[in-house]
1. For a quick check of your reading: which helices (runs of 4 or more DSSP H) sit entirely within the range 42-154 and have at least 3 residues that are modelled with pLDDT of 90 or more and within 22 Å of ILE31 (Cβ to Cβ)?
2. Quick check on my filter: what residues within the range 31-87 are touching a Lys or Arg at 6+ places or on another chain (Cβ under 9 Å) and among the hydroxyl-bearing types (Ser, Thr, Tyr)?
Amino acid sequence: MKGLIGGQEQDLAADKTAGLENADSRHVTHIHELKTGALFVAAGEAGGVVAGLEGDQLLPIRQFAARLGLAYQTLDDLIDAQATSESAGKDVHQDVDKPTLVRLLGSEMAADYANNMIAAAMDALQHLDRDMRPLQSLVESVIARPAASRRRIN
């Protein structure tokens, strides 16, 4: 209840009770940390363990994955708000009545936030004495997702 399921519960509750007029960007970010961030952290930790990392050695991987998860969710929300179904390859405008960072901050500030999270994710990897090219490729695939909104994303 403190992770993925709790995040889903908070997400659904925010839709039904708080409404857009009471939405808060910190709360939305916290939900994204619990949902998308938790999934990315689990995948990152699993990869780190397979690569032989343990204990505190996993901290940079956790930081990388959590920040990349926040960037991914924000980019996904930008896609939902601005792309066409054809360019996105999926249904869009599904979050029109949901509190998202795009709705709360606007597209430009949400894109800046995603850029900052990507940079912070990459910075977290500087603490590992390993070949980071596979993870850098992962970041490139996240930011290369199709969307009219991503033209500002570095």
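1. 59-82, 107-124
2. Listed by number, the list holds a single entry, TYR72.
The values are calculated or read from the model by the stated rules, or taken from the named source; none is laboratory data. If you're wondering where the values come from, they're calculated on a predicted model, not measured in any experiment. No Cβ is skipped: glycine too gets one built from the backbone with ideal geometry, and neighbour counts run over all protein chains shown.
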